[in-house]
Amino acid sequence: SIPLGFFGGIGGASKSGILIKGSNYLEALNNVDTVIFDKTGTLTKGVFNVVEIKPQIKYTNEGILEYAAYAESYSNHPIATSILKAYGKVVDKNKIESYEEVPGHGTKVRIDGTDILVGNAKLMDRENIAYDKVESVGTIVYVSTNREYCGYIVIADEVKEDSESAISSLKSIGVKKTVMLTGDSKTVGEKVGKQLGLDDVYSELLPIDKVEKLELLELQKSPRGKLVFVGDGINDAPVLARADIGIAMGGLGSDAAIEAADIVIMTDEPSKIVTAIKIAKRTRKIVW
Ligand code: ADP
Ligand code: MG
C-alpha cells in the first residue's frame, strides 16, 4: 500500500502546478543526481522572432520569407510559428502539393512544382545543397528552392526569467550535474550554457542522439542517483520515456510529451523542478 504521506506530497505539488503521476516518482526525486534539460521551450521561452533575413543575390527578403512560410505552414515547431508571424499573410494551403517535417532538421514542401527546403545546416547537408554555413548566436534557418540556395533567416529566442536561478538552486539542493541537450547549433548552445551556468552542453543533436547522450550520462552518475530529463516535448518523447524521471513542460508541450512524462509542469517554469524536489524531501520526512 502507498503511505498516506505520499498523497499529501502529490496533492501539495499539484497545487503548485506540478502533476506527479505516481508516488514512486515523488520518492525518486529524493535521489536526483543529474538534471538534463532540452533547450528550446524548456530553458528558453521557445518564442522566436525573425531578426534578420539574408537573401542571395537573385532573391528578396519577402521572397525568402514567403517560401519559408509555405514550408512551415503545417508545422507547430516554435521556429515555424515565428516565420508565419513574420510573414503576416495567409498561406494558401491549396498550393501545397506535398509536405514533410523532418524532426531536428526542418521541413520539405512542394508548391506549384517548386521543391522548397527550410531548416538547419543538417538539412542542407543531407540534401546536398551548396550553401554557405553561417555562424551566429541566433538560430539560422536556411532556405532553398529546386535545390538552389536562396539565403537564410536569423531567429532569436530568449532564456526564461527563472532558468538561471533554477539551475543554481538545483546545485544548492544537492544535484551533482546539470546538462543541456539541444538540436540547435554549437554557437547557440554554448552561449545559452554559459549564460545559465550549466555544467555541460551537447549541441546539434537529433531526437535519437538525445537518448544516446542520456545513456552516456547514466554511466557517469552515482550508482543510485536518478537521471531527470526535462523537455517541452516537441520531438522529445523518446528521451522523456527513457529517463528515470521524465518531466514535461505542460503549457507549451505536445500531448505526446505529456503522455510520455512522469511529471508535468503546468506553468512551464524550470524552477518548479526545485519545488518538486523540495516537496519530495519534505514528504519523505513525513512518510518514514
Ligand atoms: P531543441 O533540441 O533545441 O529543443 P529541436 O529538436 O526541436 O530543438 O530542433 C532542433 C533544430 O532542428 C532546430 O534548432 C532547427 O534548427 C531545426 N528544426 C526543427 N524543426 C524545424 C522546423 N519546423 N523548421 C525549421 N527548423 C527546424
Ligand atoms: Mg525542444
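The values are calculated or read from the model by the stated rules, or taken from the named source; none is laboratory data. All of these numbers come straight from a predicted model, not from anything done at the bench. Glycine gets a Cβ as well: all are built from the backbone with ideal geometry, and neighbour counts include every protein chain shown.
Answer yes or no as to whether Y59 is more than 15 Å from ligand 1 (Cβ to nearest atom) and either part of a loop (DSSP other than H, G, I, E, B) or touching a Pro at 6+ places or on another chain (Cβ under 7 Å) (or both).
Yes, satisfied.
Report, by residue number, each residue of the range 19-35 that is over 11 Å from K226 (Cβ atoms) and buried (at least 24 other Cβ atoms within 10 Å of the Cβ).
Hits for the range 19-35 are I20, L26.
Under the condition of being within 14 Å of ligand 1 (Cβ to nearest atom) and surrounded by fewer than 20 Cβ atoms within 10 Å (Cβ to Cβ), which residue from the range 36-56 is modelled with the highest pLDDT?
Among those that are within 14 Å of ligand 1 (Cβ to nearest atom) and surrounded by fewer than 20 Cβ atoms within 10 Å (Cβ to Cβ), it is K45.
Considering each of G225, G183 in turn, give the residue that is surrounded by 21 or more Cβ atoms within 10 Å (Cβ to Cβ) and either of a type outside the set (S, T, N, Q) or within 16 Å of ligand 2 (Cβ to nearest atom) (or both).
G183
Any residue at all in the range 84-102 that is in a loop (DSSP other than H, G, I, E, B) and either in contact with a strand residue (DSSP E or B) (Cβ under 8 Å, 6 or more places away or on another chain) or outside the structural domain of Y152 (by TED's automatic domain parsing) (or both)?
no
Return yes or no: is I173 of a type outside the set (S, T, Y) and within 16 Å of ligand 2 (Cβ to nearest atom)?
No; evaluated as a whole, the condition is false for this residue.
Taking only pairs six or more apart or across chains, which ones have beta-carbon atoms under 6 Å, a first residue in the range 211-235 that is closer than 27 Å to G251 by Cα, and a second residue that is aromatic (F, W, Y) and within 14 Å of ligand 2 (Cβ to nearest atom)?
Between residues of the range 211-235 that are closer than 27 Å to G251 by Cα and residues that are aromatic (F, W, Y) and within 14 Å of ligand 2 (Cβ to nearest atom), the close pairs are K213/Y202; V230/F37.
Can you name the residue in the range 78-93 that is surrounded by fewer than 20 Cβ atoms within 10 Å (Cβ to Cβ) and of a type outside the set (A, V, I, L, M, F, W, C) and is also farthest from the chain's Cα centre (by Cα) among such residues?
Restricting to residues being surrounded by fewer than 20 Cβ atoms within 10 Å (Cβ to Cβ) and of a type outside the set (A, V, I, L, M, F, W, C), the top hit is D92.
Out of I173, I129, I96, I need the residue that is of a type in the set (A, V, I, L, M) and closer than 26 Å to D38 by Cβ. Which one?
I173
Give the residues of the range 1-18 that are modelled with pLDDT under 90, surrounded by 20 or more Cβ atoms within 10 Å (Cβ to Cβ) and among the aliphatic types (A, V, I, L, M), sorted by residue number.
Of everything in the range 1-18, just one residue is modelled with pLDDT under 90, surrounded by 20 or more Cβ atoms within 10 Å (Cβ to Cβ) and among the aliphatic types (A, V, I, L, M), namely I10.
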